[in-house]
Amino acid sequence: MALLEVRNLTMKFGSLLANSDVSFDVEEGTIVGLIGPNGAGKTTLFNCVAGLYKPVEGKVLFDGRDVTGYPSWKMARLGLARTFQVVRPLKE
């Protein structure tokens, strides 16, 4: 069983369709990348999975539990949180 399952996730902002029927699984211990051009919906997808947005359709399952629409603080307590890129030079 996958640790994270996204099933038929759709997110809209008014008439703008940001994510349409997105499905994928992430197995425990794996590293997954998501790539695409600017405006493709990557950040929106992460925000739906992490609980910042509630998708208009579909489900997010974490460790077998339906967590669709959980607020981000509750998702963090379950062990799933979003982090943001730190933009600064790395020390040598």
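Tell me, yes or no, whether region 55-73 has at least one residue that is at positive phi, assigned to a loop (DSSP other than H, G, I, E, B) and not small (G, A, S). First the steps, then the outcome.
Step one: of region 55-73, the residues at positive phi are 58, 63-64, 69.
Remaining after also requiring assigned to a loop (DSSP other than H, G, I, E, B): 63-64, 69.
So of that shortlist, the ones also not small (G, A, S) come out as 63.
Within region 55-73 (the criterion being at positive phi, assigned to a loop (DSSP other than H, G, I, E, B) and not small (G, A, S)), the answer is yes, since at least one residue qualifies.
Name the single residue, out of those in region 43-73 being basic (K, R) and under 21 Å from M1 (Cβ atoms), that is surrounded by the most Cβ atoms within 10 Å (Cβ to Cβ).
Residues of region 43-73 basic (K, R): 54, 59, 65.
Retained after the next criterion (residues that are under 21 Å from M1 (Cβ atoms)): 59, 65.
Working: K59: 15, R65: 10.
Selected residue: K59.
Test S20 against the stated conditions and say whether it is surrounded by 12 or more Cβ atoms within 10 Å (Cβ to Cβ), of a type in the set (S, T, Y) and in contact with a Ser or Thr (Cβ under 7 Å, 6 or more places away or on another chain). Give the derivation first.
On the way: surrounded by 12 or more Cβ atoms within 10 Å (Cβ to Cβ): yes; of a type in the set (S, T, Y): yes; in contact with a Ser or Thr (Cβ under 7 Å, 6 or more places away or on another chain): yes.
Here the answer is yes, as S20 does meet what is asked.
Out of V32, V56, which single residue is modelled with pLDDT of 95 or more and touching a strand residue (DSSP E or B) at 6+ places or on another chain (Cβ under 7 Å)? Spell out how you get there, then give the answer.
Details: V32 fails: modelled with pLDDT of 95 or more.
Of V32, V56, the one residue that is modelled with pLDDT of 95 or more and touching a strand residue (DSSP E or B) at 6+ places or on another chain (Cβ under 7 Å) is V56.
Any chance you could count how many residues in region 13-57 are under 12 Å from the mean Cα position of the chain (by Cα) and farther than 16 Å from R82 by Cα?
Of the residues in region 13-57, 6 are under 12 Å from the mean Cα position of the chain (by Cα) and farther than 16 Å from R82 by Cα.
The values are calculated or read from the model by the stated rules, or taken from the named source; none is laboratory data. Fair warning: this is a prediction, and the values are worked out from it, not measured in the lab. Heads up, the Cβs are rebuilt from the backbone with ideal geometry, glycines too, and the neighbour counts pull from every protein chain shown.
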